[in-house]
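Heads up, the thing below is written out as structure tokens.
The values are calculated or read from the model by the stated rules, or taken from the named source; none is laboratory data. The model shown is predicted, which means the values in this text are computed figures rather than measured ones. Cβ sites come from the backbone with ideal geometry, for glycine too, and all protein chains shown count toward neighbours.
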């Protein structure tokens with residue numbers, strides 16, 4: 001039976017069975033365009049009916065030793081630990097009436113796909129960036145309103161290199177947290193003849209790569225406390241996302257309401273894989 005509690009806030013369309021494919025395509029496109037985190041971490045595809053938990057084997061670092069001629073090598077036992085990723089379901093639903101489908105001046109299908117794609121991609125991104133605070137390696141203090149500097153980026157790079165973390169390295173920052181680095185790079189936005197990095201920051205407002213780190217900005221990092229946000233520099237294998245079901249959209253007809261419920265869901269889980277593969281950087285989240 002259709003959910004009748006949505007009669008107070010219907011958004012609006014008639015029979016949608018033949019329109020689901022365009023909604024899904026638009027939602028997947030928008031999700032891929034607006035989400036940055038899924039492309040920066042280790043991805044796992046989880047088959048259906050394989051349980052709620054994904055167990056990821058983690059191999060420890062091995063070392064080789066000198067051997068003398070005609071001497072048998074000693075056997076090395078290879079053991080693994082494991083990280084567990086718990087899958088969950090997220091969803092969003094809207095009620096679309098027949099009346100709006102016939103009277104709307106905009107493309108309702110494209111609008112739905114855009115809204116659903118943005119909502120689900122934001123949820124996945126915020127779940128992944130929430131893992132930043134779990135990294136045990138930390139720079140720039142433990143909180144407060146400490147502004148980030150270029151030196152912090154070089155320190156993060158050196159920390160990962162010292163731990164023999166495989167590259168490439170990426171940094172994901174809140175726009176307000178990375179602002180101070182841009183300000184310092186550009187001499188408070190008045191240096192027209194700096195390096196390539198400086199010129200790019202001046203022209204386009206972003207830093208492509210600095211200190212061996214590819215820089216990304218996203219608003220999908222929750223503020224940890226008043227004025228403070230946890231950013232991170234990490235390798236791909238630091239974090240993982242396991243997806244059992246990408247965006248799925250289904251409908252249910254409510255004939256008495258002359259409307260369809262449109263439901264978008266996804267099933268996935270996120271988790272930290274290698275703690276030493278990431279460095280968290282506390283930063284001032286105020287301009």
How many residues of segment 141-173 are crowded, with 23+ Cβ neighbours inside 10 Å and assigned to a loop (DSSP other than H, G, I, E, B)? The answer is 1
All positions within segment 93-122 that are free of Cβ contacts under 8 Å to residues at least 40 places away in the same chain, part of a helix (DSSP H, G or I) and farther than 23 Å from residue 254 by Cα: none
Within segment 236-267, restricting attention to residues that are touching a helix residue (DSSP H, G or I) at 6+ places or on another chain (Cβ under 9 Å) and not in a strand (DSSP E or B), which residue is farthest from residue 128 (Cα to Cα)? 256
Residue ID - modelled with the lowest pLDDT, chosen from residues in segment 206-247 that are over 25 Å from residue 164 (Cα atoms), exposed (fewer than 15 other Cβ atoms within 10 Å of the Cβ) and in contact with a strand residue (DSSP E or B) (Cβ under 8 Å, 6 or more places away or on another chain): 206
Inside segment 174-186, the number of residues satisfying the requirement of being part of a helix (DSSP H, G or I) and either within 11 Å of residue 285 (Cβ to Cβ) or out of contact with any helix residue (DSSP H, G or I) (no Cβ under 7 Å at 6 or more places or on another chain) (or both) is 7
